[in-house]
1. Can you list the trypsin sites (Lys or Arg not before Pro) in region A:37-95 that are in a DSSP coil and have 16 or fewer other beta carbons within 10 angstrom?
2. Using helices alone, what [θ] at 222 nm do you get for chain A, with -39,500 (n - 2.57) per DSSP H run of 4 or more residues, divided over all residues and rounded to the nearest 500?
3. Can you tell me the orientation of helix A:50-62 relative to chain A, as the angle in degrees between its alpha-carbon axis and the longest Cα principal axis, to the nearest 10?
4. What relative contact order, as a whole-number percentage, does region B:9-118 give when Cα pairs under 8 Å and 6 or more residues apart are counted?
5. Using only the alpha-carbon atoms, how far is helix B:154-164 inclined from the longest principal axis of chain B? Give it as 0 to 90 degrees, nearest 10.
6. Under 5 Å between amide hydrogens, which residues at least 5 positions from B:LEU13 or on another chain qualify, with H placed 1.01 Å from N in the peptide plane?
7. Alpha carbon centre of region A:308-329 versus region B:1-66: separation in Å?
8. List the relative contact order of chain A as a percent without decimals, with contacts defined as Cα pairs under 8 Å and 6+ residues apart.
Amino acid sequence: MSSNHASPMLDSKIPSGNLKDAWTNHKFNLPLINPANRRKFKILVVGTGLAGSSAAATLAEMGYEVQTFCIQDSPRRAHSIAAQGGINAAKNYKGDGDSVHRLFYDTVKGGDYRAREHNVHRLAEVSVDIIDQCVAQGVPFAREYGGLLDTRSFGGAQVSRTFYARGQTGQQLLLGAYSALMRQVSAGKVHVKTRCEMVDVVNVDGVARGIITRDLVTGAFERHSGDAVLLCTGGYGNAFYLSTNAKTCNVTAAWRAHKRGAFFANPCYTQIHPTCIPVSGDYQSKLTLMSESLRNDGRVWVPETKGDKRLPSTIPESERDYYLERRYPSFGNLVPRDVASRNAKSVCDEGRGVGPTGLSVYLDFADAIARDGRSTIEARYGNLFQMYQRITGEDPYSEPMRIFPAVHYTMGGLWVDYNLESTLPGLFVLGEANFSDHGSNRLGASALMQGLADGYYVAPATVTAHLAGRKLERIPTSHDAFGEAEASSRARFDKLLNVNGSRSVDQMHRALGQLNWDNCGMARTKEGLEKALKQVVQLREEFWGDVKVLGDGRSLNQALEHAGRVADFMEFSELMMRDALVREESCGGHFREEHQTEDGEAKRDDDKFCHVTAWEHKGKDQPHQQHNEALSFENVKLTTRSYK
Amino acid sequence: MGGHSDEILHLTLNIWRQSGADDPGEFETHTIDASPSMSFLEMLDVVNENLQEDGREAVAFDHDCREGICGMCSLVINGKPHGPESETTTCQLHMRSFSDGDVIWIEPFRAKAFPVLRDLIIDRSPLDRIIQAGGFVSINTGAPQDANAIPIAKENADLAMDAAACIGCGACVAACPNAAAMLFTAAKVSQLALLPQGEPEREGRVIGMVEQMETEGFGHCTNHYDCMAACPKGISTDNIARMNREYLRASVLSR
């Protein structure tokens, strides 16, 4: 099981030849479709975040007929909008030694050598075009006084390659993609369906040919037939209940596709973000991220001694432990997310955590304010400081912020080949929903880059090749496969409504989240995972036996929507734990306590685990089958990631 | 300031319930004990848990990111869209803004153009259609010129960003006595009017978007400035003035 031997079912379709020319050559080799013929094809795009909106707009501009689906009331509200910090691009505008190769290298290394070299190189290449495209759309990136674009160094990068729009970069990029999408709606090329959830993928003779949706206002099930289906539905962080994700983020679309033939890759790779506002009470419904750009100026520390309850300002310098600066002198407070999070956990485990719960560490701006002045710090982080104050009621200008890690991003996702096509032909997966580019740890400001790279540049080329290369007959929605998919979806919702148990959906979701956080969170053990695997099966039984969903399925019913998503999280969590159990090494966001160095750093096992694990759904009550895709590194030397 | 974790607020809530667009709707009264460090929506989560415990359906309300940026949350709280705190969305409003014994009235955003779908949830799709009428730069994905080939004075870039900060929540409409969507529309017109990228479509954009605003049934601006007061992102009415100039200029040029 745990060897690097590759499964024949996973053909990554990585182009041969020189890495630097691979994407250009590959694009040249992909078949094209005559502009006049493109209107004959219909493409279904599920999810309208950065990946979905950019893909839908671009495919429509090319001439395809496109329909988008989102669960929010407008495509503009997808969770990409909440990304704060920025977007990486190898523009080297600062002349500080950046290049496509360096961005590629940093991303492969940052991902702890668990991503495909070719995918990452392509990402670094198109990063440059993304910035040009967004500026041309009118995205108001930050500028210098000379009128040129400003950049900053971000999340562990030693060059200044992150473009930003105040603390609202995700919002501005998404509104750019959304405006391109709205332009295509007015041109009649895109039909947008809002408040609508995909509940199944329709597999016709082994090819994805449509989806089943449920209208969240009327409860109506609808059948949509198309020539390609693009899932751009984000990550599964809400399996942990508390996360920085928006409340409706879910795994349902990906999980439904998985059950119809798309393999799920590396589900145990979850990113715990180090700079979040700590939990304040049992009623907590989500966690709020503070952009890690704060670590450029803030210093992380805890008291030297256990249980020191003095006010932070009264603790003398000599009795503070700036543990990141101490342990990682060359990167200091800018170590990557996984390293920063794990260190926060370990100082809290030692009893040196601060705040009422002891589960937080200080992020202190006193030195930066003394050095640069309050107004400079205010200009850089004003909106973040304001957000912190609003949530906690504490003033970060006069006392240090308190932060603690929280689930933020999921590197795992549906397995895709170099064309972003899943193991279910015709089903493409873009953005956070796929597994492709970040290995086991994503660097800051890389998610926006990937979502837009997939949507603006990769999928339009590869989806075209799928449409040109396969003989696709029109499939009417009266086809049996549509009937079966709709009937099974209806049955699932009816079943949820008919349990009539005693516990609310939210209560059961919280219980699942706690189980995942305790056993499959920042640190994992064989013992914990094995125990949790039994508990999650039991919890799932309790869910189907005791959940209480009131109301009906024929009108707007948020409890029912939530129940459907939690049901899928219950199934998905088992796979996440199983994946964490079989990966007997520590890498990136996956830290197995059994596999660490003497000084507590992650210990990879490249001999046995330099592969992607992709799981095949084998049917109800059957165990998943494991497949491996070997990763080869020809352009980057595998080293121990050191930030010391 | 601070946690006040032992403090409890005993509150009376009058919450709007409406089963659908055709139902006249009415207020329903509930009492709740809330912690000051809860967010307003977390307080409503607890109300909903209690309701479901009693076998009654939860109050439907829109929310998603719960960090003030997606624009999904709404609510008129004690007569004010997004509640009493300035530049704060409902999801970022915390119960420490209220006092023990308070009576709180919770209603949907009210405007003819925003029909109620259920309880506190409204249909804001008219805002998407206003953007469709011109709130974009007509550029296809491809290979535009290098980003730094379009230098933009920092002052204009900053003003464009100020306008672009709009989250499209619709509070400006709910606050306006005429239910006008002027601030929303002006924010997008302004952003693009301030940037060279917006120049080629300048006239068509403002005319198209203003016409769509009227088609959707939004009212006219009569300078009350309630929109700016309610805006959780502090979008300035200077943008309305700029849109009016753009509109006048476009009207003259197009004739």
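1. A:ARG39, A:LYS40, A:LYS94
2. Theoretical 222 nm ellipticity from helices: -11500 deg cm²/dmol.
3. Helix A:50-62 sits at roughly 40 degrees to that axis.
4. Across region B:9-118, relative contact order equals 35 percent.
5. 50 degrees
6. HN-HN under 5 Å from B:LEU13: B:HIS30, B:THR31, B:ILE32, B:ILE104.
7. 41 Å
8. About 21 percent, as a whole number.
Every number here is computed from the coordinates shown, using simple stated rules; none is lab data. Note that the coordinates shown come from a computational prediction; the quantities given were computed from them, not determined experimentally. Positions of Cβ are backbone-derived with ideal geometry, glycine not excepted, and every protein chain shown enters the neighbour counts.
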